[in-house]
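Data first, discussion second: the structure below is written as structure tokens.
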Amino acid sequence: METFPFSSIPNLPLFFSMFLILYSIAYSIVFRNWSPKIRPEACSCFISLFHGTPAVFLATFAIFSDQNRGFSSPNTKTQNLVLDYSIAYFLTDLLHYLIFFPTDVLFIGHHLATLFVFITCRHVVFHGSYAILTLLILAEVTSFCQNVWTLATARRHDNQLAAKVYSNLSPYFYAFYSVVRGIFGPFFLYQMGVFYSSGVADNVIPRWLWVSWMCVVITAIGVSILWISNLWVELFKEKKAKLEKEL
């Protein structure tokens, strides 16, 4: 059985340093003229752009390059590399929230829970990366649209181009996000639950751990659905108000 002990961990500080450098570039150069209130959020989006879409492609490659992939299959070296890449990103973004938004319990809790899942998969049981990376793909496939939308949202009141991007992108982003988080995410989570609850993976992934993974993912999907539902309500209110104003 192929295993990868802590001796392979140097990838993590390398990726962590990369994301710290990217954040510094964003803060000191890319968004240096932005308002101090939205500058940190923009920097968070900047590093997310370098994580989300690349992580989707890397995770997809890592999954399909493993001929023995499955919910209980051992992690391959490539899959561990992708996990390290994502761990480094979430550590950087967690640091961002602790410094600039220490009272944002929701996002801090989300990042800590996500790190728990990634780290236990990568450094504790050395199995289950097929499930975790598939969930990563489902979580990050909307990342590019979400980051562009977030940046546009932050500047829509003082920038005409941002306002136009926000207005045009919102319904498409909401629809894309709703389908991924509301249909594909729960469907894969169901498959994951059926497999692990059968007990066939208990010898490599302890029951307490996969149950913890399931709880984290169920909570994340639930919060995501609530978030996008509220955005749909706000969008309909905006459209209705605009229509009434025109009439």
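The values are calculated or read from the model by the stated rules, or taken from the named source; none is laboratory data. None of these values were measured; they are calculated from a predicted model. So basically every Cβ, Gly included, is an ideal-geometry build from the backbone, and we count neighbours across all protein chains shown. Areas reflect the complete protein model, heavy atoms only, side chains present, ligands, DNA and RNA absent. Shrake-Rupley method; radii C 1.70, N 1.55, O 1.52, S 1.80 Å.
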Open item on the list: Looking at Phe187 and the list (1) open to solvent by 30 Å² or more (accessible area, probe 1.4 Å); (2) farther than 22 Å from Ala131 by Cα; (3) at pLDDT 95 or above, which single condition is not satisfied?
Closed with: (2)
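For every residue, the table says whether it meets (1) touching a Leu at 6+ places or on another chain (Cβ under 9 Å); (2) more than 19 Å from His123 (Cβ to Cβ); (3) open to solvent by 20 Å² or more (accessible area, probe 1.4 Å); (4) at pLDDT 95 or above.
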| site | (1), (2), (3), (4) |
| --- | --- |
| Ser24 | no, yes, yes, yes |
| Cys45 | yes, yes, no, yes |
| Leu58 | yes, no, yes, yes |
| Gln79 | yes, no, no, yes |
Task: Scan of the range 190-226 for residues that are open to solvent by 70 Å² or more (accessible area, probe 1.4 Å) and more than 27 Å from Tyr174 (Cβ to Cβ), ordered by number - done: Val194, Ser198, Val200, Asn203, Arg207, Trp208
TODO: Taking Trp232 as the residue in question, decide whether it is touching a Phe, Trp or Tyr at 6+ places or on another chain (Cβ under 8 Å) and surrounded by fewer than 17 Cβ atoms within 10 Å (Cβ to Cβ).
DONE: yes
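Look at Val165 and say whether it is more than 13 Å from the chain's Cα centre (by Cα) and among the β-branched types (Val, Ile, Thr).
Values: more than 13 Å from the chain's Cα centre (by Cα): yes; among the β-branched types (Val, Ile, Thr): yes.
Against the criterion (more than 13 Å from the chain's Cα centre (by Cα) and among the β-branched types (Val, Ile, Thr)), Val165 qualifies.
Yes or no: the range 36-44 includes at least one residue that is more than 23 Å from His111 (Cβ to Cβ) and out of contact with any Ser or Thr (no Cβ under 7 Å at 6 or more places or on another chain). Before the answer, list the steps.
Taking the range 36-44 and keeping what is more than 23 Å from His111 (Cβ to Cβ), we get none.
So far as the range 36-44 goes, no, none of its residues is more than 23 Å from His111 (Cβ to Cβ) and out of contact with any Ser or Thr (no Cβ under 7 Å at 6 or more places or on another chain).
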TODO: Assess whether Val125 counts as being open to solvent by less than 60 Å² (accessible area, probe 1.4 Å), over 30 Å from Arg39 (Cβ atoms) and not basic (Lys, Arg).
DONE: yes
TODO: Considering only residues that are over 12 Å from the mean Cα position of the chain (by Cα) and among the polar types (S, T, N, Q), look in the range 135-162 and name the one that is surrounded by the fewest Cβ atoms within 10 Å (Cβ to Cβ).
DONE: Gln160
TODO: Quickly run through the range 69-107 and pick out the residues that are among the polar types (S, T, N, Q) and under 23 Å from Ile205 (Cβ atoms).
DONE: Ser72, Ser73, Asn75, Thr76, Thr78, Gln79, Asn80, Ser86
Open item on the list: Within the range 168-177, does at least one residue satisfy the condition of being surrounded by fewer than 19 Cβ atoms within 10 Å (Cβ to Cβ) and touching a Ser or Thr at 6+ places or on another chain (Cβ under 9 Å)?
Closed with: yes
Open item on the list: Among the numbered criteria (1) polar (S, T, N, Q); (2) open to solvent by less than 20 Å² (accessible area, probe 1.4 Å); (3) under 20 Å from Trp232 (Cβ atoms), which one does Thr120 miss?
Closed with: (3)
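Can you pull out every residue in the range 176-188 that is within 16 Å of Gly70 (Cβ to Cβ) and of a type outside the set (Phe, Trp, Tyr)?
none
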